[in-house]
Amino acid sequence: QVQLVESGGGLVQAGGSLRLSCAASGRAFGTYGMGWFRQAPGKEREFVTAISQSGRTTYYRPSVKGRFTISRDNGKNTVYLQMNSLKPEDTAVYYCAAGQREIATVRNEYDYWGQGTQVTVSS
């Protein structure tokens, strides 16, 4: 069992930055592929980015590539999402997820989810 707690969300102006953190409880954090998803009001939850168990491989949705960076610290059981050049369309609740695949981009490949943190980007 893994419990995930996100933090770092908030209100920011367009062009600004935020850094989200996701702290995981339990052992064997390094055996989980980690991902970030987001859900805007009235929309489906969508993949944002993922990182492999070792941290060597990352995937991004095209609209965030070059602006967002995912990283992990297995010693601290934490995964991060650095978000730069934020746009109003990035506004959503951001969810951290853990799965037993090395890395995954599909929602149903993740086994554990956090409660989410709100990110609001004003224009």
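Data overview
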{"read-out": "Failed item, numbered, when residue 108 is tested on (1) open to solvent by less than 20 Å² (accessible area, probe 1.4 Å); (2) closer than 21 Å to residue 41 by Cα", "value": "(1)"}
{"read-out": "Where residue 101 falls short, out of the listed (1) in contact with a strand residue (DSSP E or B) (Cβ under 7 Å, 6 or more places away or on another chain); (2) part of a loop (DSSP other than H, G, I, E, B); (3) open to solvent by less than 60 Å² (accessible area, probe 1.4 Å)", "value": "(3)"}
{"read-out": "Odd one out for residue 47 among (1) closer than 12 Å to residue 97 by Cβ; (2) open to solvent by 60 Å² or more (accessible area, probe 1.4 Å)", "value": "(2)"}
{"read-out": "Criterion (at positive phi and either open to solvent by 50 Å² or more (accessible area, probe 1.4 Å) or not small (Gly, Ala, Ser) (or both)) met by exactly one of 123, 63, 85, 54", "value": "85"}
{"read-out": "Strands (runs of 3 or more DSSP E) completely within region 1-81 that count 1 or more residues being within 18 Å of residue 114 (Cβ to Cβ), more than 14 Å from the chain's Cα centre (by Cα) and of a type in the set (Gly, Ala, Ser)", "value": "10-13"}
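The values are calculated or read from the model by the stated rules, or taken from the named source; none is laboratory data. Worth saying up front: this structure is predicted, and the values here are computed from it rather than measured. With ideal geometry, Cβ positions are generated from the backbone for all residues, glycine too; neighbour counts draw on all protein chains shown. SASA here: full protein model, heavy atoms, side chains in, ligands and nucleic acids out. Shrake-Rupley method; radii C 1.70, N 1.55, O 1.52, S 1.80 Å.
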